[in-house]
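Chemist: Please see the structure below; I have some questions.
The values are calculated or read from the model by the stated rules, or taken from the named source; none is laboratory data. Remember, it's a predicted structure, so these values are computed and weren't measured experimentally. Quick reminder, even Gly has a Cβ in these numbers, built from the backbone with ideal geometry, and neighbours come from all protein chains shown. Ligands, DNA and RNA are excluded from the accessible area calculation, which covers all protein heavy atoms including side chains. Shrake-Rupley method; radii C 1.70, N 1.55, O 1.52, S 1.80 Å.
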Amino acid sequence: MSNPERDPDVITCETNLSEAVEIMTPREVPLGGLRAMTVRRTLPQRHRSLIGAWCFLDHYGPNPVAETGGMAMAPHPHTGLQTVTWLFTGEVEHRDSAGNHATIRPGEVNLMTAARGISHSEVSTSSTTVLHGAQLWVAIPDADRNAEPGFTHHAPSPVAGPDWEARVFIGSLLGDTSPVPTYSPMLGAELLLEPGAILDLDVDPAFEHGVLVDKGTLEVAGRHVDKDDLAYVPPGSGRLELRAHDEPVRLLLLGGEPFGESIVMWWNFVGRTHEEIVGFRDEWQAQITADGALVADGQGLADGRFGVVVGEHLAPIPAPVLPNVRLKERR
């Protein structure tokens, strides 16, 4: 791609960009169940919790459902965030307490807004043989955390060049803009590169970016990035070069203005204080308990902040025990 002239300060920043790129490796986390589908958790990490408003990234698959049981996330709660589901293969059935019911398919983004509180379930469909994708969370700014819960679906049309293809599911890139609503300036896109392709992207210099490599190996601003790793690129440059090696590459490009607020994140909640998280947990436990025991049917929840997942009969997931230390703020 051609690029317009840039400010000399930006060019100077680009000269040193390779040295500023951080490579973040994932850790494996079992989601639970008898066969425990395992995900690669890339964000948050100890030294970096957010990229823009992106605060959580699980990358999973290719996952043979016959061996692992696939995804069977029974009703569970969220606050203070938006969930973003993006699949490469397979299908997932989504239900939530705002009454939304949708099938999540490859190349189609589903964004659920939890805000003041929602509960939902995600279960891979019976026709799914291989499950492969990413689950991401977006932190909602404090001013909007009490908004109504909601759900948005969008199937972005591909944008293509001679040796690349992109699907922009959040924000703007390569001349395409997604209609999916967010509470802060953000970017989310899937890019496919042919072997040896060089894609020179015009990006917002106010954004920090993350590049998750799902397939192949890549150079991001001159730094080598292996499969499953996440490259962090700090703000300051209006140009981002992606260079494929000798095999096809699939990646997710995430971005956003630095969030600028401290958050407290624990289990499925994003809040601002330890006490707030404790309160969210107590409210969920109260909703899923009847006569001193956990309810066995998702339709048996009491009224409360998180509602009842419409049409879901799986038993709700209880919150884990809080640690014996005060939850720390993250930035």
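Chemist: Those residues that are under 26 Å from the mean Cα position of the chain (by Cα) and either closer than 18 Å to A53 by Cα or open to solvent by less than 20 Å² (accessible area, probe 1.4 Å) (or both), I need them from segment 274-305; list them, please.
Modeler: The answer is I277, F280, W284, G298.
Chemist: Of all residues in segment 275-331, how many are small (G, A, S), in contact with a Gly (Cβ under 7 Å, 6 or more places away or on another chain) and not in a loop (DSSP other than H, G, I, E, B)?
Modeler: Looking only at segment 275-331, we keep the residues that are small (G, A, S), and these are 279, 286, 290, 292-293, 296, 298, 300, 302, 304, 307, 311, 315, 319.
Next, only the ones that are in contact with a Gly (Cβ under 7 Å, 6 or more places away or on another chain) stay: 286, 290, 315.
Filter once more, keeping what is not in a loop (DSSP other than H, G, I, E, B): 286, 290.
Matching residues across segment 275-331 total 2.
Chemist: Taking the options V233, V249, V225, name whichever one is in contact with a Lys or Arg (Cβ under 7 Å, 6 or more places away or on another chain), over 22 Å from H78 (Cβ atoms) and at pLDDT 95 or above.
Modeler: Going through V233, V249, V225 in turn, the sole match is V249.
Each row is one residue, and each column tells you yes or no for (1) out of contact with any strand residue (DSSP E or B) (no Cβ under 6 Å at 6 or more places or on another chain); (2) modelled with pLDDT of 95 or more.
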site: G256; (1), (2): no, yes
site: F269; (1), (2): no, yes
site: E275; (1), (2): yes, yes
site: G279; (1), (2): yes, yes
site: D291; (1), (2): yes, no
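Chemist: Being out of contact with any Gly (no Cβ under 6 Å at 6 or more places or on another chain), modelled with pLDDT of 95 or more and at positive phi is the filter; apply it to segment 60-104 and report the residue that is surrounded by the most Cβ atoms within 10 Å (Cβ to Cβ).
Modeler: Applying the filter and picking the extreme gives G90.
Chemist: Restricting attention to segment 97-111, and to residues there that are in contact (Cβ under 8 Å) with a residue 40 or more places away in the chain and assigned to a strand (DSSP E or B), which single residue is nearest to L192 (Cα to Cα)?
Modeler: Of everything passing the filter in segment 97-111, V109 is nearest to L192 (Cα to Cα).
Chemist: Output the number of residues of segment 117-138 satisfying the condition of being buried (at least 23 other Cβ atoms within 10 Å of the Cβ), polar (S, T, N, Q) and in contact (Cβ under 8 Å) with a residue 60 or more places away in the chain.
Modeler: 2
Chemist: Output yes when any residue across segment 47-56 is out of contact with any Phe, Trp or Tyr (no Cβ under 8 Å at 6 or more places or on another chain) and without any contact (Cβ under 8 Å) to a residue 40 or more places away in the chain, and no when none is.
Modeler: Within segment 47-56, one or more residues are out of contact with any Phe, Trp or Tyr (no Cβ under 8 Å at 6 or more places or on another chain) and without any contact (Cβ under 8 Å) to a residue 40 or more places away in the chain.
Chemist: Scan (1) closer than 25 Å to P106 by Cα; (2) in contact (Cβ under 8 Å) with a residue 24 or more places away in the chain for the single condition D204 breaks and write down its number.
Modeler: (1)
Chemist: Within segment 152-180, which residues are open to solvent by less than 50 Å² (accessible area, probe 1.4 Å) and part of a strand (DSSP E or B)?
Modeler: Selection gives T152, H154, V159, G161, W164, A166, V168, F169, I170, L173, D176.
Chemist: Then there's this: Within the set of pairs 6+ apart or on separate chains, which have a first residue in segment 224-241 that is at positive phi, a second that is not in a loop (DSSP other than H, G, I, E, B), and C-beta atoms under 6 Å apart?
Modeler: Listed by first residue and then by second, the contacts come to D228/R40; G236/C13.
Chemist: While we're looking at this one, here's another question. Where in segment 193-271 are the strands (runs of 3 or more DSSP E), entirely inside, with at least 2 residues that are out of contact with any helix residue (DSSP H, G or I) (no Cβ under 6 Å at 6 or more places or on another chain) and surrounded by 18 or more Cβ atoms within 10 Å (Cβ to Cβ)?
Modeler: 198-202, 208-215, 218-220, 230-233, 239-244, 249-256
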